[in-house]
Structure formats: structure tokens, C-alpha cells
Amino acid sequence: MAIRRSVERFYLQRGDRYRVVDGRILNRRLEINVAEHCNLSCRACSHLSPVVPKSLVDPAKIYRDLSVLARCYHVKSVRVLGGEPLLHPDLESVIDAIRRSTICDSVWVITNGRLLPRMTTAFWSSIDLVEVSLYPGQHLGAEAQDACRAKAKQHGVALRFHVRDEFQESYSEAGTEDDELVRRIFTTCNVVHRWRCHNVIDGWFYRCPQSHFIAKVLRDGAEHVDGIKIDDDPSFPERLLAFLQSPEMPQACTNCLGTAGRFFPHAQIRRKDFRSRQAVPTQDLVHPRLVGTARLGLARLEAATPRPILDSAENALYSPGLLPIARAAQATGRALVRGIRRAPSPTSNSAPELRHTGLLRR
Ligand code: SF4
Ligand code: SF4
């Protein structure tokens with residue numbers, strides 16, 4: 001027991017490691033929630049879009065924030081999402097601002113696709129990749145998908161459609177006082193450790209979107225508690241690196257399921273019912289095996305593996321030549337965890353977003 005506690009302390013105190021090249025912290029992705037509201041209302045949306053107030057990113061402000069950040073931070077891709085990003089009335093200006101900031105090599109748009117057929121030539125000319133989540137009963141028809149494929153091809157944009165027919169529970173309104181469970185959820189959380197879904201929101205930088213949105217909805221006015229303010233003080237790069245490598249959990253973890261929520265079939269829900277469906281203790285929404293000993297062991301193995309090795313493996317896996325193999329491996333993995341997905345859920349109608357839960361994430 002003493003040895004196990006020591007090992008766990010080691011991993012808790014270690015934090016994530018980041019590569020710094022030419023004075024810039026490197027990461028694969030940065031997310032910008034350009035429209036926090038959404039035209040769908042998915043049960044357990046991990047960005048809590050069905051209940052966050054309507055909010056749109058100002059192109060001038062995001063340019064200022066990203067330009068300052070770009071002096072010490074660089075990503076392969078900025079993911080433009082939300083909410084539903086295509087609800088932004090001046091999306092082209094936002095994308096232009098992101099590019100001009102020089103913070104990234106490419107710009108991706110992640111959308112539910114319902115407005116995609118209406119997008120203009122200026123939109124298609126401004127982006128590198130569009131990823132469309134297809135939710136049962138809510139997605140584009142085959143003809144509309146074909147039309148989008150044609151537009152994407154015409155403008156040299158990569159276009160991916162993904163069927164999202166399963167979600168995972170994303171958060172609990174009731175939360176938990178079980179510190180050990182919260183620590184397990186944090187340790188196994190792919191959002192923060194594996195995918196590193198950093199977010200810039202209203203001048204603040206977050207390690208994960210949930211640490212902003214859960215605080216915003218559950219602790220009104222405390223949405224910045226888990227973030228770091230972006231500023232141009234010379235000490236900012238050092239403070240940002242310390243923030244990213246901190247072993248401290250965001251406070252939002254107390255109410256978050258990370259990537260350990262129970263699976264359930266995708267469902268739309270009335271917005272006024274969204275929060276009451278989550279008024280269940282964390283213990284009842286978490287999948288025990290996803291925070292179990294084997295999963296913790298895998299998390300520790302990843303934590304102990306040098307980041308360049310993990311990045312190289314991911315790059316190799318997602319190179320065009322190996323993509324079909326990656327997809328086959330993903331299908332096999334899904335078959336292997338079918339037992340997990342079929343595990344009974346006490347609230348089989350609840351919710352977060354599956355793109356945060358897949359075995360392989362693009
Ligand atoms: S999961 Fe996506 S499509 Fe569904 S409500 Fe959330 S942001 Fe909208
Ligand atoms: S708040 Fe949620 S997504 Fe963020 S680190 Fe904690 S468990 Fe992971």
C-alpha cells in the first residue's frame with residue numbers, strides 16, 4: 001500500500017511535460033469557441049452549450065490575444081468550434097485573425113454540419129480542414145454531404161464526416177467529495193493529458209474547455225479560476241509553462257467526468273432539462289472501469305513516455321498512408337471495449353461529446 005501511494009504521489013507531482021523550441025511551447029491543438037451557443041441541444045454536451053448564454057468571439061480581440069500568445073506558444077492546428085462555429089456571422093474574419101496571429105500551421109473547423117451547405121466561397125477558401133459530427137436524426141442528407149464534398153474538393157479542403165451515435169456522461173451537477181475518485185478522473189483524463197485540448201477564451205488560457213464551461217455554468221462568475229490571464233509581461237512565458245506543467249487539478253474536476261463517463265446513445269434534450277439531468281452524483285455517472293487499475297496504469301505509462309515518442313507515434317499513425325490502418329485499429333479497439341460500452345447506466349439518457357471520448361482522436 002505504501003509503495004502504491006508513493007508511486008501515485010510521484011505521478012501526481014510530476015505533471016505534464018511540454019517541448020519548448022525557439023522559446024515557444026509546442027502543442028498539437030488549440031481550441032477557440034467562436035460561438036459558445038449551439039443550434040443543437042445534445043444531452044451531456046461537454047461544452048455545456050445548451051445552457052451557456054449566446055456568445056460570439058470578436059475578431060479584433062482574438063487577434064490581440066493570440067498575437068500575444070504566439071510569442072511563446074505554437075500549435076499545429078487551431079480548432080474553430082463551439083457551440084456551433086458556423087453560427088458566427090463573421091467567421092471568415094475570425095479565421096483571418098487566427099491566421100494573422102501566426103499561432104498555428106493550419107485552421108480546422110469542427111461543426112455539426114447543419115449550416116455547412118450555406119457556407120460561402122470565402123469560408124471554404126479560408127480553412128484547411130472541416131470535421132463534421134453526424135448526430136442521429138440531426139445530420140445532413142446524403143445529397144447535401146456530396147455537395148459539401150464537392151465544394152471542399154474544389155477548394156482543396158480536407159473534409160471528414162464522423163458518425164457520433166454514442167456520447168459519454170460529461171459532468172455532474174452534484175459533483176463528489178470523494179477526492180480519490182476526482183484524482184482518478186483527472187489522471188485518466190485524455191482531454192488534458194493525451195489530447196491537450198487547450199482553449200483561449202475571452203483573454204484567458206485554459207488547459208481544457210471543461211475547466212472554463214463547468215465553472216461558468218455551475219459557479220457563476222468563477223469561470224477564470226482554472227485559467228491563466230494572457231498578458232505581454234516578460235514573465236508570462238515562464239508562468240504559462242508552469243501552469244501547463246502543474247500537477248494541480250483544475251477545480252472543475254470536482255464536477256467533471258473527463259473521459260471516464262458512462263456511455264449512452266446520443267440524444268437531444270430540451271434545454272431547460274439539460275442541467276436537471278445531470279443532478280446526479282459523480283459516482284453514478286462515472287464508468288468504474290475507465291478509472292480502474294488498468295486504465296490508471298495506461299495513464300501512467302503514457303505519462304512516463306517522452307512526449308516526442310508519443311507525438312511521433314501519433315503523427316505516424318495519422319499519416320495518409322497509415323490512416324486506414326489507424327481506422328481498423330480504432331474499430332478493433334471499439335470492439336474490444338464493447339463490454340464497457342454495454343455496461344448498464346443508471347441514467348441511460350444522459351451525456352458529453354463523443355469526440356472527446358474515442359480511442360483514437362483524429
Ligand atoms: S455536442 Fe456539439 S452539436 Fe451537440 S450541443 Fe454540444 S456543441 Fe452542439
Ligand atoms: S476539468 Fe474535466 S476535462 Fe478538465 S482536467 Fe478535469 S477531468 Fe479533465
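Just so it is clear, none of the values below were taken in a lab; they were calculated from the coordinates. Bear in mind the structure is a predicted one, so any value in this text is a computation, not a measurement. Here the Cβ is made from the backbone with ideal geometry for all residues, glycine too, and neighbour counts use every protein chain on show.
Computed from backbone phi, the HN-Hα couplings of the stretch 304-313 come to 8, 7, x, 4, x, 5, 4, 5, 4, 5 Hz, rounded to whole numbers (Karplus: 6.51 cos²θ - 1.76 cosθ + 1.60, θ = phi - 60°; Gly and Pro given as x). Of the cross-linked pairs LYS229/LYS272; LYS151/LYS216; LYS76/LYS216; LYS61/LYS153; LYS153/LYS229; LYS76/LYS272, those separated by over 30 Å at the C-alpha level are LYS229/LYS272; LYS151/LYS216; LYS61/LYS153; LYS153/LYS229; LYS76/LYS272. When each of ARG164, ARG262, ARG271 is scored by the number of other beta-carbon atoms lying within 10 Å, the sequence from fewest to most is ARG271, ARG164, ARG262.
Stokes-Einstein diffusion of the stretch 87-148 at 37 °C, 0.692 mPa s viscosity, Kirkwood radius from Cα pairs, rounded to a whole number: 259 µm²/s.
Each Cα pair under 8 Å and six or more residues apart adds its separation to the average, and for the stretch 2-319 the resulting relative contact order is 22 percent.
The Cα atoms of the stretch 204-246 define a convex hull whose projected area, averaged across directions, is 3.0 nm².
Distance from a point 7 Å along Cα→Cβ of GLU177 to each backbone N in the stretch 258-301: keep the residues under 20 Å and list them by number. Counting only backbone N, you get 279-286.
Each Lys and Arg contributes +1 and each Asp and Glu -1, all at the Cβ; summed about the Cα centre of the stretch 2-319, the dipole is approximately 540 debye.
Along its three principal directions, the equivalent ellipsoid of the stretch 169-328 from the Cα gyration tensor extends over semi-axes of 26, 24, 16 Å, largest first. Here is the list for the stretch 188-242: trypsin sites (Lys or Arg not before Pro) lying in DSSP coil, each with at most 13 other C-beta atoms within 10 angstrom of its C-beta, are ARG219.
All C-alpha pair distances within the stretch 9-118, sorted into 5 Å bins from zero, spread as 2, 12, 19, 19, 16, 14, 10, 6, 2, 0, 0 percent across the bins. Pair-distance distribution P(r) for the stretch 2-319, from all Cα-Cα distances in 20 Å bins starting at 0: 31, 61, 8, 0 percent.
Close amide H pairs (under 5 Å, H built 1.01 Å from N) link ALA44 with ALA351, residues at least 5 positions away or on another chain. Of the residues VAL94, GLY137, THR121, the one whose Cα sits farthest toward the positive end of the charge dipole of the stretch 91-229, with +1 on the Cβ of Lys and Arg and -1 on the Cβ of Asp and Glu, is THR121.
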